[in-house]
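Asks: Okay, here's the structure, questions in a sec.
The values are calculated or read from the model by the stated rules, or taken from the named source; none is laboratory data. The structure displayed is predicted, hence computed values, not measured ones. Counting neighbours? That spans all protein chains shown, and the Cβs are built from the backbone with ideal geometry, glycine included.
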Amino acid sequence: MATTAAVIVAAGRGTRSRDAGTVPKQYLPLAGHPVLAHSLRTLSAHPNVHRTIVVYNPEDTALYAEATAPYAARLEAPVPGGATRQASVLAGLEALSADPPEHVLIHDAARPFLTAALIDRLIGALAEHPGAIAAEPLSDTLKQAGPEEAITRTVDRAGLWRAQTPQAFHYAAILDAHRRAAAAGRSDFTDDAAIAEWAGLTVKLIASGTQNMKLTTSADIALAERLLAPAATHLEPRNGTGFDVHRFTDGDHVWLCGVKIAHTHRLEGHSDADVGLHALTDALLGAIGDGDIGQHFPPSDEKWRGAASKLFLADAAARVRKLNGRISNVDVTFLCEAPKIGPHRDSMRATVADILGIEATRVGIKATTMEKLGFIGRGEGIAAMASATVLLPA
């Protein structure tokens, strides 16, 4: 029987999903386990995958150790990745060269819905082809955009597929192709099939499905949570509230719910003093009974001086997901005389929704004045009240 090794690429920094948490997406909790662990579970249990190696970023050593602990005995030593995905894959392939397998599966850690059946089909295709990849035929009509996002033409979708992973190859052939590409100074390939095509290898398309999705944004992670949640799990609502206030000081702008607004003053605080996100962070923490913002991000810690408050809210959202919970809706009310909130409401809703990985329709933003009463009425500062509803397994 041909030997098959798996290379899991997990060295990326996940910048587009960083709003979903403070760690790279491959280590974020998903249905109670790190994203990376879902692929490892499937690969380690497959009878025809004999070796598995993870390409990682050494800065994530502690996260890697935690994510891979249940499978450590079946994993080879991790390999440091490169500056690009292409370089990381080559590093993983080279690590196998001392004892080369006949076949190799290359898989992105950010695709947690890997199945044994898909692995079977990919390995089986290698009996007749040098390479085979998981892919999905396009079903949507494609439009090409021009200036100002105006449609210039409709693209014929016939024969077009969306490439996924795993991508399976004869090991010697894909290693040679990667080495040749590196020697030629080519570092622009976005997947291994593209390198194989460039090297003259025939690659077979193996129909997968939409569920073999790649987690790119915080919204993707929220969707993956819903897909993995047991249908029979009963969720009960938990409500939390938050309140915060900051005084004005010298400056020319304020941050409110993640939006920078020009103003005659700025809000004073250890971080960016985003009073709306501070109140909302406390509301989420209150809903799950997990302390408050000052406990997790103490103002005495210089690490948080000037920090963007979206990091605090993203951390609270990650804590909800770690409990297999779901954010149902959030609401923020500003108490201020100025600046005007209305012109920025839509931007605030979109920003909060992106941080939390929920639809903007689940975010409420509003404001009221204090009719010139008190310190807020005198224009000395801004306060915010927030509420959050979270659904947690009973």
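Asks: Please return the ranges of strands (runs of 3 or more DSSP E) entirely within segment 223-325 where 3 or more residues are among the acidic types (Asp, Glu).
Replies: Strands (runs of 3 or more DSSP E) meeting the threshold: 235-250.
Asks: Which of the residues that make up segment 114-128 are touching a His at 6+ places or on another chain (Cβ under 9 Å), in a loop (DSSP other than H, G, I, E, B) and modelled with pLDDT of 95 or more?
Replies: Listed by number, the list holds a single entry, Leu126.
Asks: Checking Ala184 against (1) out of contact with any Lys or Arg (no Cβ under 8 Å at 6 or more places or on another chain); (2) in contact (Cβ under 8 Å) with a residue 60 or more places away in the chain; (3) not aromatic (Phe, Trp, Tyr), which test does it fail?
Replies: (2)
Asks: If you don't mind, another one. I'm trying to understand the selection: among the residues of segment 273-302, which are of a type in the set (Gly, Ala, Ser) and free of Cβ contacts under 8 Å to residues at least 60 places away in the same chain? First the steps, then the outcome.
Replies: Step one: filter segment 273-302 for residues of a type in the set (Gly, Ala, Ser), giving 273, 276, 279, 283, 286-287, 289, 291, 294, 300.
The answer is Ala273, Gly289, Gly291, Gly294, Ser300.
Asks: Which residue pairs have Cβ atoms closer than 6 Å, lie 6 or more positions apart in sequence or on different chains, and pair a first residue in segment 252-272 that is within 23 Å of Arg349 (Cβ to Cβ) and of a type in the set (A, V, I, L, M) with a second residue that is in a loop (DSSP other than H, G, I, E, B) and modelled with pLDDT of 90 or more?
Replies: Val254/His263; Ile261/Pro339; Leu267/Ala273
Asks: Scan Arg121, Arg180 and give me the residue that is out of contact with any strand residue (DSSP E or B) (no Cβ under 7 Å at 6 or more places or on another chain) and surrounded by 13 or more Cβ atoms within 10 Å (Cβ to Cβ). Let's see the steps before the verdict.
Replies: Details: Arg121 fails: out of contact with any strand residue (DSSP E or B) (no Cβ under 7 Å at 6 or more places or on another chain).
Going through Arg121, Arg180 in turn, the sole match is Arg180.
Asks: Thr165: touching a His at 6+ places or on another chain (Cβ under 6 Å), of a type outside the set (Asp, Glu) and either assigned by TED's automatic domain parsing to the domain that holds Val203 or not in a strand (DSSP E or B) (or both), yes or no?
Replies: Against the criterion (touching a His at 6+ places or on another chain (Cβ under 6 Å), of a type outside the set (Asp, Glu) and either assigned by TED's automatic domain parsing to the domain that holds Val203 or not in a strand (DSSP E or B) (or both)), Thr165 qualifies.
Asks: If you go through segment 135-159, how many residues are under 13 Å from Ile206 (Cα atoms) and in contact with a Leu (Cβ under 8 Å, 6 or more places away or on another chain)?
Replies: 2
Asks: Here's another thing I want to ask about it. Among Ala69, Ala73, Ala91, Ala98, which is the only one that is farther than 30 Å from Ile358 by Cα, part of a loop (DSSP other than H, G, I, E, B) and in the same structural domain as Gln164 (by TED's automatic domain parsing)? So that I can check it myself, show each step before the final result.
Replies: Values: Ala69 fails: part of a loop (DSSP other than H, G, I, E, B); Ala73 fails: part of a loop (DSSP other than H, G, I, E, B); Ala91 fails: part of a loop (DSSP other than H, G, I, E, B).
From the options Ala69, Ala73, Ala91, Ala98, the qualifying one is Ala98.
Asks: Kindly indicate which of Thr216, Thr233, Thr264, Thr241 is surrounded by fewer than 18 Cβ atoms within 10 Å (Cβ to Cβ), in contact with a strand residue (DSSP E or B) (Cβ under 7 Å, 6 or more places away or on another chain) and modelled with pLDDT under 95. Give the derivation first.
Replies: Values: Thr216 fails: in contact with a strand residue (DSSP E or B) (Cβ under 7 Å, 6 or more places away or on another chain); Thr264 fails: in contact with a strand residue (DSSP E or B) (Cβ under 7 Å, 6 or more places away or on another chain); Thr241 fails: modelled with pLDDT under 95.
Only one candidate qualifies: Thr233.
Asks: Could you please give the count of residues in segment 32-68 that are farther than 18 Å from Ile221 by Cβ and touching a residue at least 40 places away in the same chain (Cβ under 8 Å)?
Replies: Looking only at that region, the number is 15.
Asks: Among (1) within 19 Å of Val23 (Cα to Cα); (2) surrounded by 14 or more Cβ atoms within 10 Å (Cβ to Cβ), where does Val89 come up short?
Replies: Val89 satisfies all of (1) within 19 Å of Val23 (Cα to Cα); (2) surrounded by 14 or more Cβ atoms within 10 Å (Cβ to Cβ) except (1).
Asks: Sort out which residues of segment 378-391 are more than 21 Å from His265 (Cβ to Cβ) and touching an Asp or Glu at 6+ places or on another chain (Cβ under 6 Å), and write them in order of number.
Replies: The answer is Ser387, and nothing else.
Asks: Among the listed residues Leu201, Leu142, Leu205, which satisfies the condition of being at pLDDT below 95 and not assigned by TED's automatic domain parsing to the domain that holds Val352?
Replies: None of the other options fit; the residue is Leu142.
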